[in-house]
Structures are given as C-alpha cells and as structure tokens.
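First up is the structure itself, then whatever we jot down about it.
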Amino acid sequence: MSDKVRALGQSYALGTKDGLKRWSYLGLSLLINATGHSLTIVTNLGSAVWTASAVNLYHLWPLSLRLTLFLCGVIVVLMNALLIRKFIWKRIIGNLLFTFPFSFLIQLFTQVIGRSDINSFPLVIRVIIDIFGILCVALATSLYQRANLVLHPNDDFMQIIRFRYVHGNATIAQMIHYIPPVIIMTLTFLMSGQLWAVNIGTVICLFFQGTFIGFFDKHVFRDLKHYGLAMVQK
C-alpha cells in the first residue's frame, strides 16, 4: 500500500485515536458554528460575510435560507476545484455533505433563537451577543479546518488560499476569500436597495475573522493539529 493511500485511509478512520478525536471535534464545531451564525442572523447586527451574502440572496428570491446556503456551497465547490486544478471527488462529496447539517442546523437554530426576546435587549447587549456569535464561528472554523475530515466549501476555499497561496497566513487568506461574498452583496444591494445581516459584526468579520481563526488555532484545543494539508499545499 502506498503512503498516499495509507494516509487517505487513516484520515477518515473512525477506529484510530486520532480519527475519533477528529470526528468529535467536527461534531462539536458544527454545533458551535450553527449557534454562532444563528446569533448573528437573529440580532441582525452583522453576520459572517459569506452568511450575510446568502441572507441577502435569500431576501432577493423565493428559495429558503437552507436551500440558498446549499446552492452557494455548490458554487464554491466548483471554485475550489479550479483553485487546486483538479476534481477530487471524495473532497467534493465531503464538501457537499457538510452543507446539509450546516444549512439545516443554522435554519433550525435561527428559528429557535428567533422566538426569544433577544432583540428587545439594549443595543450594547445585542452587539456583545453578535460579536460572541462571530467568535463562535471563528472557533468552529478553526476546529473543523484543523480536523480536516469534511469542510464547508467556503472554509475549504479559505484553507486552499491559506496554505497554497499565502504561506499559511490566516488573516490574508480570509480577506481574499471574502471577495466573492462582497461582490454578491454589492450586486444584491444594487438590485434590491437593501442590505440584510450587514452591520458592525460584518465589518469585524471582514477585517478580523482570519486573525480570530489564527488565534484559536494556536490557543484553543491545542492538541488538535492541522491534518491533511498535503493536498492543498501542492
């Protein structure tokens, strides 16, 4: 068995200690991620940039938020294949599979949190909640990028840029990876005259989300290293 095949098998193995740890962190990251995104959507004080672009598309057409998030993921999967200059079907299928629980949990958590009185809180408290949501998203992204079993296409996009093009710099990679959603929001604003889920939180994400991810990589759950980077570094 070649080293490449052996490494690929080990990366998805459930029976190994590393495999169990990575799947556990992936499950935890999904819950943290859905909580964070939902808090930013409900407070409407600024969502993560990709989420904000999807929310603006959702308000522009008759599709559900869940389906909008999924379709955006499909488009980014194709962009990722172009960036690494090959179609790796296992990776693509993993990206698409990730979008199902990701989209479902965000819509579910948004509906549940939306029934609360969160928007009756003072503005300062809501800003704090929104920033907490952004930090949750950054932590979740750090966890599932390091576990690197399956990724949301958006975060795979960021990881490819980070380790293939900008020498591991999370801040620069995040800024580049935000160019497409900024273009989407600009176009939807020109078409509808409104911006949804864009506020102080979006600005914080735009300039600092990569820095937050880099910080969590180094300081939170430090026993979880970055796995499977060979493919994106080629």
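The values are calculated or read from the model by the stated rules, or taken from the named source; none is laboratory data. No experiment lies behind these values; they were computed from the predicted model shown. Here the Cβ is made from the backbone with ideal geometry for all residues, glycine too, and neighbour counts use every protein chain on show. Heads up: the accessible areas ignore ligands, DNA and RNA and are worked out on the full protein's heavy atoms, side chains in. Shrake-Rupley method; radii C 1.70, N 1.55, O 1.52, S 1.80 Å.
So the values come out like this:
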quantity: Residue under evaluation Val150, criteria (1) open to solvent by 50 Å² or more (accessible area, probe 1.4 Å); (2) closer than 25 Å to Leu65 by Cβ, criterion not met; calculated: (1)
quantity: Hey, Ile118 β-branched (Val, Ile, Thr) and either under 30 Å from Leu224 (Cα atoms) or open to solvent by 50 Å² or more (accessible area, probe 1.4 Å) (or both) or not; calculated: no
quantity: Residue satisfying condition, being of a type in the set (Ser, Thr, Tyr), modelled with pLDDT of 90 or more and touching a Gly at 6+ places or on another chain (Cβ under 9 Å), within set Ser192, Ser142; calculated: Ser142
quantity: Of residues in region 205-234 being surrounded by fewer than 19 Cβ atoms within 10 Å (Cβ to Cβ) and among the β-branched types (Val, Ile, Thr), the one modelled with the highest pLDDT; calculated: Val220
quantity: Which listed residue, of Leu187, Leu97, is open to solvent by 70 Å² or more (accessible area, probe 1.4 Å), part of a helix (DSSP H, G or I), at pLDDT below 90 and not basic (Lys, Arg); calculated: Leu97
quantity: Single condition Ile200 does not satisfy, out of (1) more than 17 Å from the chain's Cα centre (by Cα); (2) without any contact (Cβ under 8 Å) to a residue 60 or more places away in the chain; calculated: (2)
quantity: Whichever residue in region 58-87 is farther than 16 Å from Trp196 by Cα and open to solvent by less than 40 Å² (accessible area, probe 1.4 Å) and, among such residues, is farthest from the chain's Cα centre (by Cα); calculated: Ile84
